[in-house]
1. Could you give every pair whose Cβ atoms fall below 8 Å, whose first residue belongs to segment 204-231 and is closer than 19 Å to residue 71 by Cβ, and whose second residue is in a helix (DSSP H, G or I) and of a type in the set (Phe, Trp, Tyr), counting only separations of at least 6 or pairs across chains?
2. So which pairs qualify, if the first residue must be in segment 36-64 and at positive phi, the second must be hydrophobic (A, V, I, L, M, F, W, C), the Cβ gap must be under 9 Å, and the two must be at least 6 apart or on different chains?
3. Only one of (1) free of Cβ contacts under 8 Å to residues at least 12 places away in the same chain; (2) within 19 Å of the chain's Cα centre (by Cα) fails for residue 201. Which number is that?
4. Answer yes or no: is there a residue in segment 101-111 that is of a type in the set (Lys, Arg), under 21 Å from residue 176 (Cα atoms), outside any helix (DSSP H, G or I) and in the same structural domain as residue 219 (by TED's automatic domain parsing).
5. What residue, of 13, 98, 82, is in a loop (DSSP other than H, G, I, E, B) and closer than 27 Å to residue 229 by Cβ?
Amino acid sequence: MPATVVVVTSVGPIEIAVRASPRASRVSLKFDPADDGFELVVPPRASIKQALGFAQQHAGWLAARLKDLPPRVPFAPGSVVPILGQSYWIRHFGDRGPPVFVKDGELLVSGASEHLARRIQDFLRARARAEIVPRAFALAGKLGRKVRRVTLRDPKTRWGSCAANGDLAFSWRLVLAPEHVMTYVIAHEVAHLAEMNHSKRFWATVDRLMPDAERSKAWLKRHGKSLLRYG
């Protein structure tokens, strides 16, 4: 089975990674907005010819995914990065000083230029942890529940998760969203400590922790993809 296939679309040829999956029951296409990557999942009983035909039939869907993507924003001098609703210009100011700090609407980065992107991501991850962890514990306390551990990750499809043992996980990219959006996601996962479902009682718990949650849900639905385009 080839590693990739190419499908001709209205926006040009698109290269798609091929993955054979013994657990898949049908041919499917997946898209990762973080790296513009497509994946063609092929079950054991399907041939590559059948899989390629399926992908070609969905050429319109493939093109639409690329057209809908927000622009990429590299962590580079001149780029603008949002942090909890405030925008900051990235500026590389020299070889000495704190690795990254905020001043007068700028995100100032020191050190060698080849390390700039990594330093910014490290800074944002640290800022996300400083904002998310205390909020999670505080909201859990309102419900009389305990958080065992909070981890930060960079998932492709979920902003947060809650395990039955009290472990919470969040995307560090939430720090790029407005503060109310980040708080909503934390409240959503903390609510699962009390209700491990999406029942009416669960949503009532979310509303108790985060009034006007619908506004944040709507923001994520409209702008969530843009958070994956930074860096």
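The values are calculated or read from the model by the stated rules, or taken from the named source; none is laboratory data. From a predicted model like this one, the values you see are computed outputs, not experimental measurements. Cβ placement follows ideal geometry from the backbone for every residue including glycine, while neighbour counts extend to all protein chains displayed.
1. Filtered contacts from segment 204-231: 220/184.
2. If the second residue must be hydrophobic (A, V, I, L, M, F, W, C), the pairs left are 36/66; 36/69.
3. Unmet condition: (2).
4. So the first thing to find is which residues in segment 101-111 are of a type in the set (Lys, Arg), and the list is 103.
Those left that are additionally under 21 Å from residue 176 (Cα atoms): 103.
With outside any helix (DSSP H, G or I) added as a condition, the list becomes 103.
Applying the additional criterion that residues be in the same structural domain as residue 219 (by TED's automatic domain parsing) yields 103.
Checked segment 101-111: at least one residue is of a type in the set (Lys, Arg), under 21 Å from residue 176 (Cα atoms), outside any helix (DSSP H, G or I) and in the same structural domain as residue 219 (by TED's automatic domain parsing).
5. Among 13, 98, 82, only 98 is in a loop (DSSP other than H, G, I, E, B) and closer than 27 Å to residue 229 by Cβ.
Let's see how each residue does on (1) over 25 Å from the mean Cα position of the chain (by Cα); (2) closer than 28 Å to residue 113 by Cα; (3) small (Gly, Ala, Ser):
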{"position": "33", "(1), (2), (3)": "no, yes, no"}
{"position": "36", "(1), (2), (3)": "no, yes, no"}
{"position": "45", "(1), (2), (3)": "yes, no, no"}
{"position": "55", "(1), (2), (3)": "yes, no, yes"}
{"position": "70", "(1), (2), (3)": "no, yes, no"}
{"position": "79", "(1), (2), (3)": "no, yes, yes"}
{"position": "90", "(1), (2), (3)": "no, yes, no"}
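Here is a yes/no grid of residues against (1) in contact (Cβ under 8 Å) with a residue 60 or more places away in the chain; (2) surrounded by 19 or more Cβ atoms within 10 Å (Cβ to Cβ); (3) of a type in the set (D, E, K, R); (4) touching a strand residue (DSSP E or B) at 6+ places or on another chain (Cβ under 6 Å):
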| position | (1), (2), (3), (4) |
| --- | --- |
| 111 | no, no, no, no |
| 126 | no, no, no, no |
| 133 | no, no, no, yes |
| 138 | no, no, no, no |
| 142 | yes, no, yes, no |
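Rundown of residues vs (1) in the same structural domain as residue 104 (by TED's automatic domain parsing); (2) in contact with a Ser or Thr (Cβ under 8 Å, 6 or more places away or on another chain); (3) modelled with pLDDT under 95, yes/no style:
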| site | (1), (2), (3) |
| --- | --- |
| 41 | no, yes, no |
| 47 | no, no, yes |
| 52 | no, no, yes |
| 58 | no, no, no |
| 63 | no, yes, yes |
| 72 | no, no, yes |
| 84 | yes, no, no |
| 88 | yes, no, no |
